[in-house]
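Q: Next up is a structure, given as structure tokens.
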Amino acid sequence: MTKPRWLLAELTYRCPLQCPYCSNPLDYVAHSNELTTDEWKRVFSEARAMGAVQLGLSGGEPLIRPDLPELVQHARNLGYYSNLISSGYGLDEPKIVALKSAGLDHIQISIQSPEKTLNDFLAGTESFEHKKAVAHLIKRHGYPMVLCVVIHRQNIHQMREILDMAVELGADYLELANCQYYGWALLNRDQLLPTQAQFIEAEAIAQEYKTRMAGKMKIYYVVPDYYEDRPKACMNGWGTTFLTIAPDGQALPCHEARVLPGLNCPNVRDYSIQTIWEDSPAFNRFRGDAWMPEPCQSCPEKHKDFGGCRCQAYLMTGDMYATDPVCGLSADRAKIDAAIAAANKDHTAATSRPLVFRHSRNSKIFVEKSQSPH
Amino acid sequence: MSDTPPPPTGNHGQLRSDCRLRFSPLHRLQWEDAQQKYVILYPEGMVELNPSAAEILKLCDGRSLDALVAALEAQFNASELKNDVTEFLEVALANGWIRQHDD
Ligand code: SF4
Ligand code: SF4
């Protein structure tokens with residue numbers, strides 16, 4: 001059994017923005033019993049003792065936690081490389097300086113679009129100018145600056161402008177993350193999934209900049225798996241590398257794993273990280289390949305992609321053991337093709353449903369739904 | 001963008017013998033007990049190093065290529081290391097792990 005290398009600490013589900021592609025659970029308001037400062041420190045210490053070295057501080061918006069500098073300081077003392085994964089909204093120079101002196105290694109901020117109106121519309125909040133100013137401050141204080149832009153049908157036509165913006169802001173890394181369809185993004189898939197032609201065009205532009213900017217800006221292009229014939233090697237294999245801790249202390253083998261019914265993810269309030277990693281049924285459920293059904297079980301590629309994503313399998317087929325339906329060998333591939341067709345069919349303003357934004361009023365509706373009998 | 005410092009010379013490209021070599025401020029070089037290895041850490045990534053690569057990078061503290069080779073040869077009581085060291089440093093430069101400075 002390998003040890004965790006990456007600890008993703010989702011410090012809070014609270015967030016001032018309302019991105020309609022947010023990967024947080026739909027019923028996030030039901031999980032608001034956040035870990036305390038001391039509980040987080042214990043989690044960091046125990047995971048570090050097992051060998052975790054990369055620490056992602058995310059959320060929601062991690063800046064909402066007033067104890068963030070204290071947690072960063074603790075992480076630095078333990079020898080973590082700490083990554084703040086933020087929307088950038090709410091960052092200012094004093095905070096940037098305080099986090100730097102606490103030992104923060106890098107800051108990633110996300111921008112919704114290189115165009116103010118669309119950025120502010122998608123974020124649900126006026127935030128564009130502020131985020132750009134924050135990007136400059138991050139650079140000025142000597143952090144590596146990572147810019148993340150989630151790509152979907154509302155902004156994919158701006159690929160060139162997105163890349164130009166990253167160049168202008170002096171990003172050291174640019175993450176072009178094609179939207180993955182979980183959580184709120186799945187809910188809004190018909191409005192978010194681009195066409196294949198759009199993908200091909202956007203990817204060619206990204207490729208052009210990748211060559212041009214080599215040595216100056218690293219561009220990560222997260223491929224849109226719906227248009228692939230093989231699934232992503234999800235989490236580098238279940239329970240091999242990644243450990244996610246949700247705001248309420250649930251330990252998750254992947255940050256979407258809450259959706260899997262009956263998985264019963266353990267809580268750090270009840271168990272040590274070592275017990276969770278090594279002994280919990282949840283972390284052992286999809287380790288190795290014994291659990292795999294056909295066609296994965298006898299497939300020569302099973303150690304390359306591990307049969308794909310368990311959450312996507314469940315969300316699309318209702319069976320968390322199924323082959324990821326993205327795979328061309330899956331009996332359920334037609335479900336992905338149907339989703340593509342549905343999203344591409346008709347999205348004129350008059351007929352399409354408006355985007356559902358991620359905020360607590362909407363989240364409460366999902367909590368009520370999941371509690372009432374169907 | 002007048003408020004950002006100018007980029008260091010030769011952040012990529014050819015390794016030059018008249019430059020000072022420094023480990024990149026945007027990366028961290030660290031010993032990992034769990035892996036019994038030196039690693040390079042950077043935003044959301046990690047590279048595991050073999051012992052000789054780690055020794056070379058530890059010496060990227062502002063000295064020149066020749067001074068670095070001399071120090072290594074003394075440390076390991078060896079000679080003719082220059083070709084291997086140069087080859088590795090070119091990889092390090094291309095990956096942004098080290099920078100060349102004119103001053
Ligand atoms: S995706 Fe948007 S709404 Fe969700 S946590 Fe990030 S910034 Fe907040
Ligand atoms: S059948 Fe399973 S193991 Fe084979 S390529 Fe498809 S998802 Fe991967």
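Any read-out appearing in this document is the output of simple, stated calculations on the displayed coordinates, not a laboratory observation. These numbers were taken from a predicted model, which means no experiment stands behind them. Every residue, glycine as well, gets a Cβ built from its backbone with ideal geometry; the counts of neighbours run over all protein chains shown.
Q: Just to be sure I understand the model, the point goes 7 Å from the Cα along the line to the Cβ. What's the resulting B:Asn77 to A:Glu126 distance in nm?
A: Calculated label separation equals 7.2 nm.
Q: Any idea what Rg and Dmax come out to for the range B:20-97 if you just take the C-alpha atoms, in Å?
A: Final numbers for Rg and Dmax: 12.5, 37 Å.
Q: I would also like to ask the following. Which FRET efficiency value, to the nearest 0.05, is calculated for A:Asp289 and A:Ala214 with the Förster distance at 60 angstrom and r the Cβ-Cβ distance?
A: 0.95
Q: If you count the DSSP beta bridges with both ends in the protein assembly as shown, what percent of them are antiparallel, to the nearest 5?
A: Antiparallel bridges: around 35 percent, rounded to the nearest 5.
Q: Another question, then. List, in order, the whole-Hz ³J(HN,Hα) value for each residue of the range A:30-44 obtained from phi through the Karplus relation with A = 6.51, B = -1.76, C = 1.60 and θ = phi - 60°; use x for Gly and Pro.
A: Taking θ as phi minus 60°, the curve returns 7, 10, 9, 7, 5, 4, 7, 4, 5, 5, 4, 4, 5, 4, 4 Hz for the range A:30-44.
Q: Across every pair of different alpha-carbon atoms, what Kirkwood hydrodynamic radius in Å does the range A:1-56 reach?
A: Hydrodynamic radius (Kirkwood, Cα only) of the range A:1-56 equals 13.2 Å.
Q: Please give the Cα centre distance for the range A:260-283 versus the range A:179-199, rounded to the nearest Å.
A: 31
Q: Let me ask another. List the aspartates and glutamates whose Cα sits under 13 Å from the Cα of B:Lys37, skipping any in the same chain fewer than 8 residues away.
A: Qualifying aspartates and glutamates at Cα under 13 Å: B:Glu48, B:Glu55.
Q: Further question: Per residue of the range A:134-142, what does 6.51 cos²θ - 1.76 cosθ + 1.60 with θ = phi - 60° give for ³J(HN,Hα)? Whole Hz please, x for Gly and Pro, Karplus curve as stated.
A: 3J(HN,Hα) across the range A:134-142, in whole Hz: 4, 4, 5, 5, 4, 4, 4, 8, x.
Q: Which residues' amide hydrogens lie under 5 Å from the amide hydrogen of B:Ala34, considering only partners 5 or more residues apart or on another chain, with H built in the peptide plane?
A: Amide H neighbours of B:Ala34, under 5 Å, 5+ apart: none.
Q: If you don't mind, another one. With N residues in the range A:133-210, what two-decimal value do you get for its Cα radius of gyration over 2.2 N^0.38 Å?
A: 1.21
Q: List the residues, sorted by chain then number, that are 5 or more residues from A:Leu355 or on another chain and whose placed amide H is less than 5 Å from its amide H.
A: none
Q: Normalise the Debye intensity by I(0) for the protein assembly as shown, one equal point scatterer per Cα, no solvent, then take log10 at q = 0.09 Å⁻¹ and round to two decimals.
A: Ignoring solvent entirely, the Cα scatterers give -0.66.
Q: If you plug each phi of the range B:68-75 into the Karplus form 6.51 cos²θ - 1.76 cosθ + 1.60 with θ = phi - 60°, what whole-Hz ³J(HN,Hα) values come out, in order, with x for Gly and Pro?
A: Whole-Hz 3J(HN,Hα) from phi for the range B:68-75: 5, 4, 4, 5, 5, 4, 5, 4.
Q: Considering only Cα-Cα distances, which of the following residue pairs are longer than 24 Å: A:Lys210/B:Lys58; A:Lys95/A:Lys216; A:Lys3/A:Lys218; A:Lys131/A:Lys216?
A: With Cα atoms farther than 24 Å apart: A:Lys210/B:Lys58; A:Lys95/A:Lys216; A:Lys3/A:Lys218.
Q: With the crude spin-label approximation of a point 7 Å out along Cα→Cβ, what separation in nm comes out for A:Ala133 versus B:Val91?
A: Computed distance between label sites A:Ala133 and B:Val91 equals 4.5 nm.
Q: For A:Lys335, which lysines qualify as cross-link partners when the Cα separation must be under 26 Å and same-chain residues fewer than eight apart are set aside?
A: Cα-Cα hits under 26 Å: A:Lys232, A:Lys302, A:Lys304, A:Lys345, A:Lys369.
Q: I need the GluC sites (Glu not before Pro) found in the range B:48-82, filtered to DSSP loop residues with at most 14 other beta carbons within 10 Å of theirs.
A: Answer in residue order: B:Glu80.
Q: Restricting to DSSP H runs of at least four residues, report the calculated mean residue ellipticity at 222 nm for chain B, -39500 (n - 2.57) per run over all residues, nearest 500 deg cm²/dmol.
A: Taken over chain B, the calculation gives -9500 deg cm²/dmol.
Q: Just from its helices, what would the mean residue ellipticity at 222 nm be for chain A, if runs of 4 or more DSSP H residues each count -39500 (n - 2.57) and the sum is divided by every residue, rounded to the nearest 500 deg cm²/dmol?
A: It lands at -11000 deg cm²/dmol.
Q: So what are the radius of gyration and Dmax for the Cα set of the range A:1-98, in Å?
A: Considering the range A:1-98 through its Cα atoms, Rg and Dmax are 13.8, 43 Å.
Q: Under a plain spin-label model, where a point goes 7 Å from the Cα along Cα-to-Cβ, how far apart in nm are A:Val167 and B:Ser64?
A: Simple spin-label model gives 3.6 nm for this pair.
Q: Looking at the square roots a ≥ b ≥ c of the eigenvalues of the Cα gyration tensor of the range A:266-358, which shape do they give, rounded for a/c under 1.5, prolate if a/b is larger than b/c, or oblate?
A: Oblate shape, in that a/c is at least 1.5 and b/c is the bigger or equal ratio.
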